[in-house]
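> Mind having a look at this structure? Questions to follow.
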Amino acid sequence: MGTAISPNQIDARVSDFIEKPRKMLIDGKWVNSVSGKTFPTYNPATGEVLAQIAEGDKQDVDIAVKAARKAFESGPWSKMSATQRSKLIWKLGDLLEQNVEQFALLETLDNGKPLAVARAADVPLAADLFRYMAGWANKLEGTTIPLSVPYTPKAKYLAYTLREPVGVIAQIIPWNFPLLMAAWKLGPALAAGNTIILKPAEQTPLTALLLGELIMEAGFPDGVVNIVPGYGETAGAALAAHDDVDKVAFTGSTEVGKLIVHAATGNLKKVTLELGGKSPNVVFKDADLDSAIAGSASAIFFNQGQTCCAGSRLFVERSAFDQVVEGVSAQAKKIKVGSGLEADTTMGPLVSDEQLRRVVKYMDIGMAEGARAMTGGKKIGEKVYFVEPTVLVDTKDDMKVVQEEIFGPVVVATPFDTPEELASRANNTVYGLAAGIWTKDLSKAHRTAAALRAGTVWINCFNIFDAALPFGGYKQSGWGREMGKDVLELYTQTKAVCTRI
Ligand code: ADP
């Protein structure tokens, strides 16, 4: 690994990678699970088993946590300068970029997303994230603090703060952007000097494991990054509850986020959560409607609608409603649903049978509640996990399809009349992850941005991600932020040092 490779070699390397059961990475070694068990991961475009993976559970988690603890307390990592850490993280980003084809192909096989998307978005964004975070490693500075409390007339104090790593971090990630979520989690934790046990989602463990190979190739010391694949209820739960884990960072459903919070109470480990959403996407009548229509379609249909920040509630100012909804429906009809490996595919399958059933169930509930499909509304074919990109109208704000996260290519569209009404309806869910606003009126755009309770607001764009831009949720969409400078606060803790001089 490490050099550019031709398309034929890529296929060979990916097939080599998935041919034998993949092991887990603990203390710098690739090992089987203690139980000897493996679990399958599927190709969602065919429904067939793609690979077998070592199945981590509590016993493996215990060993991995010990390795991470040792690496944190006494290994070479704990003595390394911040600049050395920076170089390793930068190198990891470079290695990823050199292997973009292999990662993209593996991601498409495991997750289903179109290969062109994995190649243009998932892998390069992950590489960028590592390099951005590499830059922070040696810039995490404390402050000097003037004190005003001399207890005796002559006493003077020198006080300063240090920003130190939190310690051993468990990171539990989802299946919608398997590699990118691994990068979002690992990059800042490593920059700040922590050690990690990463648990990829059981549906999509492969690119995280391939990343593990690059982590070793880059030269990270043993035990700094441990990767334990397995199921949520076993490996994930063991990590969240572990007494020797200092922090758990989770991305996934709000439902599981609440379980994580409960599990963390035993040792009061720190918790950060990036959870679900039901993001409003607002089109004012004075917007550039062509770009609002294209942007609103991509806001919901990107990644098969399986993004936590998907623009799943489309609010359109009444006089533009018909035009925008017809436009978004026309875009939906143009989407080519198929295997992510086919060149003309613009939407792949959903990730799993479970996800397909969930999305179809919501479509059925929506229709039963009185919604109407302008387009879509059904699954495609009998086999595997394809669904039609769907636009639902005639909805009411209290319907399940309007309130609950579907996590599929289903948007509910509704008209609004005034900015005040819009803000109160747009804020009327338990979520607050993201929002979109389309208008040419800058004042209106910024007033609306201020009125929306969301961690990210995109104006005249949607789904713009950048390693420098903090991302995370208001309300039940989460605790804390990913990326940007903000995330580093959450992987460090402040030590105040006070000296009488
Ligand atoms: P989804 O329902 O979309 O699959 P989840 O929130 O269930 O999303 O999964 C996100 C991640 O959380 C996955 O890595 C999964 O294995 C893990 N997970 C699921 N249940 C638990 C749990 N009870 N404790 C810890 N992790 C869990």
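The values are calculated or read from the model by the stated rules, or taken from the named source; none is laboratory data. Computed from a predicted model, the values in this text were never measured in an experiment. As a convention, Cβ positions derive from the backbone with ideal geometry for all residues, glycine included, and neighbour counts pool all protein chains shown. We work out accessible area using only protein heavy atoms, side chains counted, and drop any ligands, DNA or RNA first. Shrake-Rupley method; radii C 1.70, N 1.55, O 1.52, S 1.80 Å.
> Among the residues of the stretch 106-124, count how many are in a helix (DSSP H, G or I) and buried (at least 24 other Cβ atoms within 10 Å of the Cβ).
Count: 9.
> While we're here: I need the full set of residues from the stretch 30-88 which are part of a loop (DSSP other than H, G, I, E, B) and more than 18 Å from W175 (Cβ to Cβ), in order please.
N32, S33, V34, S35, G36, K37, D57, S74, G75, M80, S81
> Return the pair list, or none, for Cβ contacts closer than 9 Å from residues in the stretch 197-211 that are under 16 Å from K113 (Cα atoms) and more than 12 Å from the ligand (Cβ to nearest atom) to residues that are open to solvent by 10 Å² or more (accessible area, probe 1.4 Å) and outside any helix (DSSP H, G or I), at least 6 apart or on different chains.
L206/R22; L206/L50
> Just give me the residues in the stretch 213-244 being within 16 Å of the ligand (Cβ to nearest atom) and of a type in the set (D, E), in sequence order. Outline the logic, then answer.
Going through the stretch 213-244, the residues within 16 Å of the ligand (Cβ to nearest atom) turn out to be 226-243.
Answer for the stretch 213-244, where residues must be within 16 Å of the ligand (Cβ to nearest atom) and of a type in the set (D, E): E233, D243.
> If you don't mind, another one. Out of E326, E354, E342, report the one residue that is more than 25 Å from S424 (Cβ to Cβ), out of contact with any strand residue (DSSP E or B) (no Cβ under 7 Å at 6 or more places or on another chain) and modelled with pLDDT under 95. Write out each step before concluding.
Numbers: E326 fails: modelled with pLDDT under 95; E354 fails: modelled with pLDDT under 95.
Within the list E326, E354, E342, the selection yields E342.
> Of (1) within 14 Å of the ligand (Cβ to nearest atom); (2) over 30 Å from P389 (Cα atoms); (3) among the aromatic types (F, W, Y), W184 satisfies all except one. Which?
All conditions are met except number (2).
> Looking at the stretch 245-329, what strands (runs of 3 or more DSSP E) fall wholly within it and have at least 2 residues that are more than 16 Å from the ligand (Cβ to nearest atom) and farther than 30 Å from A71 by Cβ?
Here the list reads 280-283, 313-317.
> Of these, A449, A368, which one is surrounded by fewer than 17 Cβ atoms within 10 Å (Cβ to Cβ), closer than 28 Å to P44 by Cβ, more than 16 Å from the ligand (Cβ to nearest atom) and among the small types (G, A, S)?
On the way: A449 fails: closer than 28 Å to P44 by Cβ.
When all the criteria are applied, what remains is A368.
> May I pose another question? Restricting attention to the stretch 26-46, does a residue exist that is of a type in the set (K, R) and touching an Asp or Glu at 6+ places or on another chain (Cβ under 8 Å)?
For the stretch 26-46, residues of a type in the set (K, R) and touching an Asp or Glu at 6+ places or on another chain (Cβ under 8 Å): present.
> Return yes when V401 is closer than 30 Å to K336 by Cβ, without any contact (Cβ under 8 Å) to a residue 60 or more places away in the chain and either open to solvent by less than 10 Å² (accessible area, probe 1.4 Å) or in the same structural domain as L109 (by TED's automatic domain parsing) (or both) and no when it is not.
In short, yes.
> Still on this structure, please answer the following. Checking the structure you have, find out if any residue of the stretch 136-146 is away from the ligand (no atom under 16 Å from the Cβ), open to solvent by less than 50 Å² (accessible area, probe 1.4 Å) and outside any helix (DSSP H, G or I).
Checked the stretch 136-146: at least one residue is away from the ligand (no atom under 16 Å from the Cβ), open to solvent by less than 50 Å² (accessible area, probe 1.4 Å) and outside any helix (DSSP H, G or I).
> Based on this model, can you work out whether P114 counts as touching a residue at least 24 places away in the same chain (Cβ under 8 Å), within 16 Å of the ligand (Cβ to nearest atom) and not assigned by TED's automatic domain parsing to the domain that holds L356?
Against the criterion (touching a residue at least 24 places away in the same chain (Cβ under 8 Å), within 16 Å of the ligand (Cβ to nearest atom) and not assigned by TED's automatic domain parsing to the domain that holds L356), P114 does not qualify.
> Restricting to the stretch 161-178, name every residue that is more than 14 Å from the ligand (Cβ to nearest atom) and either part of a helix (DSSP H, G or I) or open to solvent by 10 Å² or more (accessible area, probe 1.4 Å) (or both).
T161, L162, R163, E164, P165, V166
> Identify, from the list G480, G473, the residue that is crowded, with 18+ Cβ neighbours inside 10 Å, small (G, A, S) and on the phi > 0 side of the Ramachandran plot. Can you show your working first?
Numbers: G473 fails: on the phi > 0 side of the Ramachandran plot.
None of the other options fit; the residue is G480.
> Looking only at residues in the stretch 419-441 that are assigned to a loop (DSSP other than H, G, I, E, B) and out of contact with any helix residue (DSSP H, G or I) (no Cβ under 7 Å at 6 or more places or on another chain), which one is surrounded by the most Cβ atoms within 10 Å (Cβ to Cβ)?
For the stretch 419-441, the residue satisfying everything is N427.
> Turning to a different aspect of this structure: Report the residue count in the stretch 183-242 for those that are part of a helix (DSSP H, G or I), among the hydroxyl-bearing types (S, T, Y) and open to solvent by less than 10 Å² (accessible area, probe 1.4 Å).
The total comes to 1.
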